[in-house]
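Notes follow the structure.
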Amino acid sequence: MNRRFIIASGGTGGHFYPGFALGRLLNKQNCSVLFVVRKDDPAIRVLQENKLKYQEIDLCSFPRSLNPFKQLAFACKLWGALRQTRQILRQFKPDVAVGTGGYISFPLIFSAHCMGIKTVVHDSNTKIGLSNRICSHFTNLFLLGLPVTRPLPHAQLVGTPIRREFAEPVDRAQTLTQLGLNPDFKTVLLFGGSQGARSLNQALIAAVKQLVAENERLQFIHISGERWYQSISNRYGKTRRVLVLPYSNEIYDLMHTCDLAVCRSGAGTLAELVYCKKPAILVPLPTAAANHQFYNAKILQSVGCAALVEQSPQLENELYILLDRILNAANNCILQTMQANFAKLDLPDPMQSAENIARLLKKL
């Protein structure tokens, strides 16, 4: 029987890539898969490159403001999105509707529930987002990427799916050589997530310049984000052993290749770090809803496989001190201990998460 699944996914990479990994797997298993994405979402390019079917709906996020004009604009957009979604559901006739977080999930999950279609929501974070908390009242199954403190009905911990490219073998020497870097040097990967991270970028530059000046066997790969690329490149100037990239489609190669990562703590990034067993310095995005990135980071910090640094005016100095201590420790003892501490985590294997979710969807 040709099972049919519709997946609402998109917005940030943390909401998109778990749904993308699941959709690719279901498609490979000869299921019919349709993605629902926000109009003009950057994720559309990835779906097109992978020949995955999608439909766009016109929707904006819930305004965190009492401005009546913004509230009215949101209500109009939401009404239109609900109508669009009902039409898509009537045409596609899915067996199960899946939401992977973010406001794009609500129109699909609510409409599917009202039409008698089975519904599933996946939330990658340890703090459930507003849209998913609302959707939890209309779901047959609620899937968790990380443990949560407040129990939810019909909830199961399944982990957060990551792209299958992370399981492919990586030749570290070849990867670094192709990037013009030295395979014999300790390598640090700096990135802020799919959107980039201006404050984190700025804080890292001075610390990195000082570290490479003090240690000739350190090198850095700094993924700046497209919009910050030129300014970050200019600030580094001719600093040696620092490679600045606007974006990378091969983040899985870079993650395996580096000795340490410095990054935000979105749930998708955490799942990738867990799979690669990569020591990290996590700097949670302070404006993330319900401060969920901080609570995500606490899970890795609690077992000692990551350090947590909160964003503050002292971030630049704190990052320098921490990087210096970790990278210049005798015999790499701190890095080795952080990597070994991943064994203490009691989390599902991210590479098996998509398989586990697919099985649960088919049971519905």
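The values are calculated or read from the model by the stated rules, or taken from the named source; none is laboratory data. Owing to the predicted nature of the structure, the values given are computational and were not obtained by experimental measurement. Cβ atoms come from the backbone with ideal geometry, glycine included; neighbour counts cover every protein chain shown. Surface accessibility is based on the protein's heavy atoms, side chains included, excluding ligands, DNA and RNA. Shrake-Rupley method; radii C 1.70, N 1.55, O 1.52, S 1.80 Å.
Here are the numbers for this structure:
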{"quantity": "GluC sites (Glu not before Pro), loop per DSSP, at most 16 other Cβ atoms within 10 Å - longest free stretch of the chain", "calculated": "1-215"}
{"quantity": "Whichever lysines have a C-alpha closer than 21 Å to that of Lys363, once near sequence neighbours (fewer than 8 apart) are set aside", "calculated": "Lys28, Lys93, Lys118"}
{"quantity": "Simple spin-label estimate for Thr287 and Ser248 in nanometres, 7 Å along Cα-Cβ", "calculated": "2.6"}
{"quantity": "Where the chain is the region considered: accessible area per residue in Å², 1.4 Å probe", "calculated": "47"}
{"quantity": "Span-rule helices in the chain, defined as complete DSSP H runs reaching 24 Å or more along the axis (Cα) with Kyte mean at least 0.0", "calculated": "198-214"}
{"quantity": "Charge dipole magnitude, Cβ of K and R +1, D and E -1 - the chain, Cα centre, debye nearest 20", "calculated": "1200"}
{"quantity": "Rounded percent of accessible protein surface that carbon and sulfur make up, the chain, 1.4 Å probe", "calculated": "50"}
{"quantity": "Student exercise, the stretch 234-364 dipole from Lys, Arg, Asp, Glu Cβ charges, in Debye to nearest 20", "calculated": "120"}
{"quantity": "Rounded, prolate or oblate (a/c below 1.5 giving rounded, otherwise prolate when a/b exceeds b/c) for the stretch 252-346 by Cα gyration tensor", "calculated": "oblate"}
{"quantity": "Farthest positive-ward along the stretch 260-355 dipole, Cα basis, beta-carbon charges - from Leu319, Ala329, Val303", "calculated": "Ala329"}
{"quantity": "Normalised alpha carbon radius of gyration of the chain [divisor 2.2 N^0.38 Å]", "calculated": "1.02"}
{"quantity": "The stretch 199-298: Rg to Rh, with Rh as the Kirkwood radius over Cα pairs", "calculated": "0.96"}
{"quantity": "Charge tally in the Cβ shell below 13 Å around Thr85, where Lys, Arg are +1 and Asp, Glu are -1, Thr85 excluded", "calculated": "+4"}
